[in-house]
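Q: Below are the structure tokens for one structure; questions will follow.
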Amino acid sequence: MAAASPLSSAAKGALLPWARGGHGGGLARALLGGALPTAGGGGGGGSRRWQSSLPQLDHADRSDEESGGEIDWDNLGFGLTPTDYMYVMRSSPEDNGGGFSRGELCRYGNIELSPSSGVLNYAQGLFEGMKAYRRQGGGGYTLFRPEENARRMQHGAERMCMPAPTVDQFVRAVKDTVLANRRWVPPQGKGALYLRPLLMGSGPILGLAPAPEYTFLIYAAPVGNYFKEGLAPINLVVDDAFHRAMPGGTGGVKTIANYAPVLRAQVDAKSKGFTDVLYLDSVHKRYLEEVSSCNVFVVKGGAVATPAARGTILPGITRKSVIELARERGYSVEERLVSIDELVDADEVFCTGTAVVVAPVSSVTYQGQRHAFRTGPDTLAQELYTTLTSIQMGLAEDDKGWTVAVD
């Protein structure tokens, strides 16, 4: 693979002093210092200062090294491999009128939070998932529709009573994080650098109220395929006892509170040999919603259907892209209620998401009966996967303006 370039001068300038090799005594003040409400009632501000800190893991600037440690790129799964840097930006009422001030790169590591922080006590937090790909010939890196992630975070932040970075702040922060961790971007065709932007109520609060301070943070990890099956078809089970979301809830935003509740059903499903769980709506228990971390599509003849994003499912960015690509290929694509009966009768079923991209579904088990679907090279799922990943990796012309270069 081509040698990675050194950390750009702009990115180096954004590093906190201690991350550039300075003294670590002022970590708390440099990173997440903010106002601490006085002890007592529900959510008023105070004059004392609270401190959160990030320990310095490594003084060395290794961003210009050839590659990421001892990683076996050919066997890269979807797991956490700590990288070099993370991006941090904070917001509090006294800073920029409650908006976010200029963020900074710092060494990846643990952060300290008050035990009474909004994110720990009331799950006031959101996250996004994105990927950066290495372009052919070592010519920089590519992001896929990052502005869509920024706007989705803004929408979720409004629902969760949080300020959010501007689209420009978000995209710039993602680019800085990629460049600072460039040695961890897998060789082309071996995976991607997964980016996890987080927005959380980091300020302390006792009563139920919005936190007094917020932290926007991005970390990164090199990843391969999300499912252990790799690109092989997956097997789902419908769980009609557990529900992921309800009308009027937060199913339509990417809040952290949506994910832990699916773990019980997911663990049970995996213990029985299934890849993941497909959830039904909580009212009628008849209509498809989504899989634990991805959207679902059903194909019958030349028609494609996917559950409409009406507040109980996440409006996926890969989902949005796949709908457009399928329509361009002459398929009729409908966003509407999709019943379990339609799925059972489908020719083809597949899932979409940032982590999985497009994952073909081999079978869905519902009420003890296994229903099989068509998979393989002549399916719409395979065609969409090839088209989408080619655009993402810069192997095909992007005439839609979906990709953003990072150089």
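The values are calculated or read from the model by the stated rules, or taken from the named source; none is laboratory data. The structure displayed is predicted, hence computed values, not measured ones. Don't worry about glycine lacking a Cβ; one is built from the backbone with ideal geometry, like all the others, and counts go over all protein chains shown. Side chains are part of the model used for accessible areas, which takes the heavy atoms of the whole protein and leaves out ligands, DNA and RNA. Shrake-Rupley method; radii C 1.70, N 1.55, O 1.52, S 1.80 Å.
Q: Given 175/254; 320/400; 131/190; 300/320; 190/272, which pairs have Cα atoms separated by over 23 Å?
A: Details: 175/254 21 Å; 320/400 13 Å; 131/190 13 Å; 300/320 19 Å; 190/272 30 Å.
Pairs exceeding the cut-off: 190/272.
Q: In nm², what is the average projected area of the convex hull enclosing the Cα atoms of region 101-253?
A: 11.8
Q: Next question, about the same structure. Assign unit charges at the C-beta atoms only (+1 for Lys and Arg, -1 for Asp and Glu), then state the dipole size of region 83-183 relative to its Cα centre in Debye, rounded to the nearest 20. Walk me through the numbers before you get to the answer.
A: Details: 14 positive and 11 negative charges, 117 e Å.
The dipole magnitude comes to about 560 debye.
Q: May I pose another question? Identify the trypsin sites (Lys or Arg not before Pro) of region 338-407 meeting these criteria: DSSP loop state and at most 14 other C-beta atoms within 10 Å of the C-beta.
A: When the trypsin sites (Lys or Arg not before Pro) of region 338-407 are filtered for loop state and at most 14 Cβ neighbours within 10 Å, 400 remain.
Q: Here is a further query. Taking all protein chains in place and a 1.4 Å probe, what share, in percent, of the accessible surface of region 135-183 do carbon and sulfur account for? Kindly include the intermediate steps, with their values, before the conclusion.
A: Working: 830 of 1790 Å².
C and S fraction of accessible area: 46 percent.
Q: Hey, for a label at residue 345 modelled as a point 7 Å past Cα toward Cβ, could you say which residues of region 302-322 have their backbone N under 13 Å away?
A: Hits in region 302-322 for residue 345 at 13 Å: none.
Q: Still on this structure, please answer the following. For a quick check of your reading of the filter: which trypsin sites (Lys or Arg not before Pro) in region 81-133 sit in a DSSP loop and have no more than 12 other Cβ atoms within 10 Å?
A: Working: sites: 90, 102, 107, 131; in loops: 102.
Those satisfying the criteria are 102.
Q: Right, here's the next one. Hey, got the dipole for region 292-407? About the Cα centre, +1 on K and R Cβ, -1 on D and E Cβ, debye to the nearest 20? Let's see the in-between values first.
A: On the way: 10 positive and 15 negative charges, 73 e Å.
That gives region 292-407 a dipole magnitude of about 340 debye.
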